[in-house]
Every structure is written in structure tokens, then in C-alpha cells.
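For reference, the structure is listed below as C-alpha cells.
Please treat every number below as a calculation from the coordinates, not as lab data. Every value quoted in this text rests on a predicted model; they were computed, and no experiment measured them. All Cβ positions, even for glycine, are placed from backbone atoms using ideal geometry, and neighbour counts span all protein chains on display.
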Amino acid sequence: MSNINNTSVLVEQYKDDKNLSIRLALHQKYSTNKYGYINWIFDFFDFFDGTDVLELGCGNGNMWNDRVQKLPKECTVTLTDISKGMVDIINEKFREYPNVKTEVVDIQNIHYPDNTFDVIIANSMLYHIPNLEIAISEVHRVLKPNGKFYATTVGMNGMNQYLHEKLKEFNPKINVFNTPFPFNLQNGKEILNTRFENIEMYHYEDSLEITETVDLVNWIKSTSSMSGIEEDLNGVDLYFEKCKDSNGIIRIPKEAGIFVSTK
Ligand SMILES: C[S@@+](CC[C@H](N)C(=O)[O-])C[C@H]1O[C@@H](n2cnc3c(N)ncnc32)[C@H](O)[C@@H]1O
């Protein structure tokens, strides 16, 4: 098992939102698609009056910033994460909204009855799950008939591939970001197909244009892949300075998208 779905590594990585916030900030600052990934994801959602929404692995709930207020009447949103630290953060953040509930939930063991939710969201989290078959079966179980499951993830030809090659060139001892994500844009449909029949996939066009190298180095250091080998990165900032083009930009591809499945 790689660090990406190793439970003890993930517990440390997500004990609070420090690492996640560093990574979200890089995308916020340098993404070339200014529409915004979260805006794009929200355009897919089918919310109507009284929709019951469950988000699994919601992290610090950034997806709902300035959006809970705009939900149709009587929608409820249950925000959950396996990390108690994350749930403490969202509890504090959304405490004034009576339609928002927060709870610690493991996607592999969802403690809600069958057919509870109209919409279930798993945003950038399925690649962390050790047993995807059980997770997808649990999602399917608690989703109402005709309910929608929205799962976002990344592809195998984006940022990780670029960083794997660059870091290896910088220091051949660093062999990270080369393990295929267990749930990705290339294999996601096959995995969802174990329970869902009606699955659509959509790509989000985007890339990064980074001007301040320190932001990229902080992103790399924030990942679980670098845990325990941080000293191998000494001098990497100077290396990435040299990767800049004549306009002073480090250009990095991204590959991200969403699967929309119907029960
Ligand atoms: C990459 S973060 C994504 C957070 C948020 N969805 C976002 O996109 O900003 C992955 C999140 O999944 C959570 N997670 C990991 N394993 C989980 C599991 N088995 N069940 C529920 N959440 C899990 C982590 O604690 C973390 O908050």
C-alpha cells in the first residue's frame, strides 16, 4: 500500500487542515482556468427544495464557503470526514446554519440507513480509500433511488506526473508521485460500475502558472508522499527557479474531472 491510501499516514496528514489549506491555496492562486473548479463542480449539482445532501471526506468544508446560504429551501447538508480535527473545523465554521450537520464518518462504514440522501458528494477523496469496493457499496446503499453520486478526482497525466519527473531529475533518490492513484479519471468508471450503471465523466480544463517557487515547494512538502524524506528536498527551490520559462513562470499541467452516477 502506498502513502496515498495508508490509514496511519492519512490520520497524520489530515489531523487538521494545515496541509490541505496549503494545497488548496496553490490552486486558488495559480490556476489558469479562472472560472474555478468548485464553481464548475457546483454547476453539476441537482439541488431542489428539500434536497438532502451528504458530503463524505469534506475536509475543511471549503466547498461550502459562501454557498450554504444559497441552497434552495429546506435543503439539508450533512458534512462528514473521517478526521475528527476536520469535523471540529467545519462544526465551528458552519455552526450558525441549522441546515448544516457535521459528523465523523468513514466512507467504508456509513452509519446512516439505506436510501437516506438525494445527493452524495465525494470531492478529491476516493483515491485515499483502502477498500473502494466497500466504499462504493456504502454510498450506493445510503443513496435514494434515482439519487446522484458526484465523485471528483485527478487523472494520471497531470501534476503528479510532472512533479515525479522533475523531482527525479533534481535528486534521483526522490521517487515520489509515481504510484497510480487508486481512484482516478482513467479507472474510476470501472470502479463505480461495480454498483452504478449510469455513469458520466467530465474533464475540467486547467493548468498551473506558478511565479513564486516557494508556493510550489510548500505544496510538495505538504504531501504525504514527502513524509520522512523532507531533507532530500534541500536545494529544490533553486532547481525550480531554473525550470521557469522566459516569463518567470513554472508551467504545470493538471488533469481533473468528475464522475456523475445515478442510482
Ligand atoms: C484531499 S482531502 C479533500 C478534502 C475536501 N473534499 C476538498 O476537496 O477540499 C481528503 C479528505 O478525505 C478524508 N478521508 C480520508 N479517508 C477517509 C475515509 N475513509 N472516509 C471519509 N473521509 C476520509 C481526509 O480526512 C481528508 O479530509
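Descriptive notes on the structure:
- Test result for LEU24, touching a residue at least 12 places away in the same chain (Cβ under 8 Å) and either more than 18 Å from the chain's Cα centre (by Cα) or part of a helix (DSSP H, G or I) (or both): yes
- Scan region 45-68 for residues that are closer than 14 Å to LYS101 by Cα and loosely packed, with under 13 Cβ neighbours inside 10 Å and the total you get is 0.
- Of all residues making up region 6-44, the number that are aromatic (Phe, Trp, Tyr) and either under 18 Å from GLY158 (Cα atoms) or surrounded by fewer than 14 Cβ atoms within 10 Å (Cβ to Cβ) (or both): 3
- Conditions (1) more than 17 Å from the chain's Cα centre (by Cα); (2) more than 10 Å from the ligand (Cβ to nearest atom); number of the one not met by ILE110: (2)
- For region 165-182, the condition of being among the aliphatic types (A, V, I, L, M), within 16 Å of the ligand (Cβ to nearest atom), out of contact with any His (no Cβ under 7 Å at 6 or more places or on another chain) and outside any strand (DSSP E or B) holds for none of the residues.
- Figure legend. Inter-residue proximity from region 1-16: first residues under 19 Å from VAL87 (Cβ atoms), second residues within 8 Å of the ligand (Cβ to nearest atom) and polar (S, T, N, Q), beta-carbon distance below 6 Å, spacing 6+ or different chains. Indicated pairs: TYR14/SER83.
- Hits in region 65-88 (condition: more than 10 Å from the ligand (Cβ to nearest atom) and within 18 Å of ASP17 (Cα to Cα)): ASN65, ASP88
- Positions within region 5-21 being in a loop (DSSP other than H, G, I, E, B) and among the hydroxyl-bearing types (Ser, Thr, Tyr), in sequence order: TYR14
- All conditions but one from (1) more than 21 Å from PRO253 (Cα to Cα); (2) surrounded by 15 or more Cβ atoms within 10 Å (Cβ to Cβ) apply to ILE174; the one that does not is (1).
- Any hit, region 120-131, residues being within 10 Å of the ligand (Cβ to nearest atom) and either surrounded by fewer than 16 Cβ atoms within 10 Å (Cβ to Cβ) or basic (Lys, Arg) (or both): yes
- Output for region 28-58, where each listed residue is of a type in the set (S, T, N, Q) and in contact with a Ser or Thr (Cβ under 6 Å, 6 or more places away or on another chain): THR32
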